[in-house]
Amino acid sequence: MADADESLRCNRGFVLEAIQSKGRLLQYAEPQFKADRQIVLAAVKENGYALRYASEKCQADPGLVQTALRTTDPQEYTIRMKARWRSCVIQI
């Protein structure tokens with residue numbers, strides 16, 4: 001997706017389809033897609049680590065954090081992400 005034409009990178013359908021197959025592609029998405037809850041949810045369902053590329057608002061969303069935790073080991077996240085998790089009520 002990093003090498004995709006700008007018209008594709010700005011196409012929500014293209015971005016969603018790409019991210020559903022490889023969540024970490026969120027890092028190359030345009031800012032509006034990093035803040036789009038549906039796109040971020042698709043990314044973290046595929047790869048929990050994709051949450052680090054989401055907007056701050058999405059990173060603080062308890063539902064998105066919960067989904068990310070289900071698909072990854074929270075011990076491997078950065079200190080910043082761990083601090084955000086502590087502020088969320090998480091039920092796995």
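The values are calculated or read from the model by the stated rules, or taken from the named source; none is laboratory data. Quantities reported herein were computed from a predicted structural model and do not represent experimental measurements. Reconstructed Cβ throughout: ideal geometry from the backbone, glycine too, with neighbour counts over all protein chains shown.
Figures for the structure shown
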| item | result |
| --- | --- |
| Filtered residue count, the stretch 5-57, keeping only those that are free of Cβ contacts under 8 Å to residues at least 24 places away in the same chain and surrounded by fewer than 20 Cβ atoms within 10 Å (Cβ to Cβ) | 16 |
| Residue ranges of helices (runs of 4 or more DSSP H) in the chain with at least 2 members at pLDDT 75 or above | 6-9, 12-21, 31-34, 37-46, 56-59, 62-70 |
| Residue within the stretch 8-16 that is more than 20 Å from residue 68 (Cβ to Cβ) and of a type in the set (Lys, Arg) present | yes |
